[in-house]
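See structure below.
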Amino acid sequence: MRRPRIFRGWKVVSAGGLIQALQSAVLMQGFQHFAVLIEQDFGWSKTRISSVFALNRVESGLLGPLHGWALDRWGPKLVMRTGGVVMGIGFFLFSRMDTLFEFFAYFVIIAVGASLSGFLTVTTATVKWFERRRARALAVSATGFAIGGACAPILVWILRTFGWRDTAAGIAVVLVVVIWALASYFDGAPHDYGLPVDGINPEDLPVAESRPEGVSDISFTAKEAMRTRAFWLISLGHTSALFTVSAVLAHLSLALTSEHGYSFQQASFVAGAVPTIQLFGIGLGGWLGDKINKRLIASVAMLFHCVGLLMLAYATGPLMIWMFVVAHGLAWGARGPLMQALRADYFGTANFGQIMGFSSLIVMIGMASGAVIVGSLTDATGSYRLGFTVVALLAGLGTVFFVFASPPKPPVRDGQVAASAAT
């Protein structure tokens, strides 16, 4: 079979990056800009608004095991297209909402669609195509998330020009069309196309090239993975990071406009700068992740998350705010793709969807709670300082989890036990 000039795995990565860019721009990093206008129109508290964002992440976590099973059963393509349609319907309904109940209800629909067509589906499809270049592939895909966030000034201009209702309705159409088209790349694995993993024949590899720490040819089942210490430590470390990520995604624009005197448009430039710096972190993490210990990179990134958010919490001027942007952006970018690369390295790819799905039950705690903790403490104290401090310290705790998340031993199965007994 004639090998294509461009390895299909990189087409999967590119399609996944575009989908993540779109979702990031309109939802994950775009929510905070909708939140400013919704607060102005309805006068709802920051706790209520951030609770809707948290609901999005709780739903994603609860759906995780079923989502992972569906990915391993029917494949990413069908799951991706289903999610794109559901998300589009949710955004159209959101554009017509008038009550707090409708706000919550329609965001549940958006959240289901975003989960099915987003991160877990993209990652499950990507890791099947790469091993030695896995960190780089996931890093390239993750640039989509950062690029989408960097479009914040554009989204804010559209919101100011057309209003949040017409913007949401237009987003609904774009989501369905784009995700349906790009999902065509999320079909199959290298062996289905007669291609080697990474697009490199094993005999063409340098003899001295070693595999990343923890990589083996054994694929754990979800049950076997959950019996290991590594599964829980990676999940807890990931959770610690997402306390910070969640808080920033939901509250950065609100904090800048309500506490630091920024205009809506000025806040969008700061919010857009975070993912711009994140791109540099992604490049650094992806390059280093295939060369040195991924756990070391993640541990250092957690310290940067902590220090960055403390800078924002105690900012007395623009300098400290921009120090937060750099520290948080670099940490997020360098750490993000490695979370999935570690799991795929340690537990294999055959049951990756289910393993990630069960892990999401733990990870959702950070993504859901960070925004609510900050929102409730801000409403109670009248300042963002205490809320940001609490989640910064929770992020710092994650350093410990990654330091001790060493590779698991291969699972012992019934056949192996019987064989050992016979000898």
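Summary of computed values
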quantity: Top-ranked residue in the range 236-270 [being over 17 Å from the mean Cα position of the chain (by Cα) and of a type in the set (A, V, I, L, M, F, W, C); ranked as farthest from Ile321 (Cα to Cα)]; calculated: Phe264
quantity: One residue from Leu242, Leu233, Leu249 being more than 12 Å from Met367 (Cα to Cα), of a type in the set (A, V, I, L, M) and assigned to a helix (DSSP H, G or I); calculated: Leu233
quantity: Any hit, the range 351-370, residues being touching a Pro at 6+ places or on another chain (Cβ under 6 Å), small (Gly, Ala, Ser) and crowded, with 24+ Cβ neighbours inside 10 Å; calculated: yes
quantity: Number of the exception - Trp129 against (1) part of a helix (DSSP H, G or I); (2) under 21 Å from the mean Cα position of the chain (by Cα); calculated: (1)
quantity: Pair list, Cβ under 9 Å, 6 or more apart: the range 59-75 residue over 20 Å from Ile110 (Cβ atoms), other residue surrounded by fewer than 20 Cβ atoms within 10 Å (Cβ to Cβ) and modelled with pLDDT under 80; calculated: Asp72/Ala350
quantity: Residue that is modelled with the lowest pLDDT [pool: residues in the range 27-66 that are charged (D, E, K, R) and within 17 Å of Val363 (Cα to Cα)]; calculated: Arg57
quantity: Any pair with Cβ under 6 angstrom, 6 or more apart, that starts in the range 282-297 at a residue that is over 21 Å from Val326 (Cα atoms) and ends at one that is assigned to a helix (DSSP H, G or I) and basic (Lys, Arg); calculated: Asp290/Arg136
quantity: Pair list, Cβ < 7 Å and 6+ apart or interchain, from the range 14-34 residues that are within 18 Å of Leu254 (Cβ to Cβ) to residues that are outside any helix (DSSP H, G or I); calculated: none
quantity: Residues of the range 261-278 that turn out to be of a type in the set (A, V, I, L, M, F, W, C), at pLDDT below 85 and either in contact with a Gly (Cβ under 6 Å, 6 or more places away or on another chain) or crowded, with 20+ Cβ neighbours inside 10 Å (or both), as a count; calculated: 1
quantity: Where Val300 falls short, out of the listed (1) outside any helix (DSSP H, G or I); (2) under 19 Å from Ser406 (Cα atoms); calculated: (1)
quantity: Qualifying residues in the range 145-193 (those that are of a type in the set (Phe, Trp, Tyr) and surrounded by fewer than 17 Cβ atoms within 10 Å (Cβ to Cβ)) - the one nearest to Gly84 (Cα to Cα); calculated: Trp180
quantity: Those residues of the range 202-240 which are among the hydrophobic types (A, V, I, L, M, F, W, C) and at pLDDT 65 or above, in sequence order; calculated: Val215, Ile218, Phe220, Ala222, Ala225, Met226, Ala230, Phe231, Trp232, Leu233, Ile234, Leu236
quantity: Among the candidates Ile355, Ile277, residue that is touching a helix residue (DSSP H, G or I) at 6+ places or on another chain (Cβ under 6 Å), closer than 28 Å to Arg229 by Cα and assigned to a helix (DSSP H, G or I); calculated: Ile355
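Listed here are the residues, each with its yes/no results for (1) polar (S, T, N, Q); (2) in contact (Cβ under 8 Å) with a residue 40 or more places away in the chain; (3) assigned to a helix (DSSP H, G or I); (4) on the phi > 0 side of the Ramachandran plot.
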{"site": "Gly261", "(1), (2), (3), (4)": "no, no, no, yes"}
{"site": "Val270", "(1), (2), (3), (4)": "no, yes, yes, no"}
{"site": "Leu309", "(1), (2), (3), (4)": "no, yes, yes, no"}
{"site": "Leu319", "(1), (2), (3), (4)": "no, no, yes, no"}
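A quick yes/no check of all residues on (1) surrounded by fewer than 19 Cβ atoms within 10 Å (Cβ to Cβ); (2) out of contact with any strand residue (DSSP E or B) (no Cβ under 8 Å at 6 or more places or on another chain); (3) closer than 22 Å to Gly17 by Cβ; (4) not hydroxyl-bearing (Ser, Thr, Tyr):
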residue: Ser258; (1), (2), (3), (4): yes, yes, no, no
residue: Gly286; (1), (2), (3), (4): no, yes, yes, yes
residue: Met302; (1), (2), (3), (4): no, yes, no, yes
residue: Ala313; (1), (2), (3), (4): no, yes, no, yes
residue: Thr316; (1), (2), (3), (4): yes, yes, no, no
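The values are calculated or read from the model by the stated rules, or taken from the named source; none is laboratory data. No experiment lies behind these values; they were computed from the predicted model shown. Ideal geometry is used to build each Cβ from the backbone, glycine not excepted, and the neighbour counts take in all protein chains shown.
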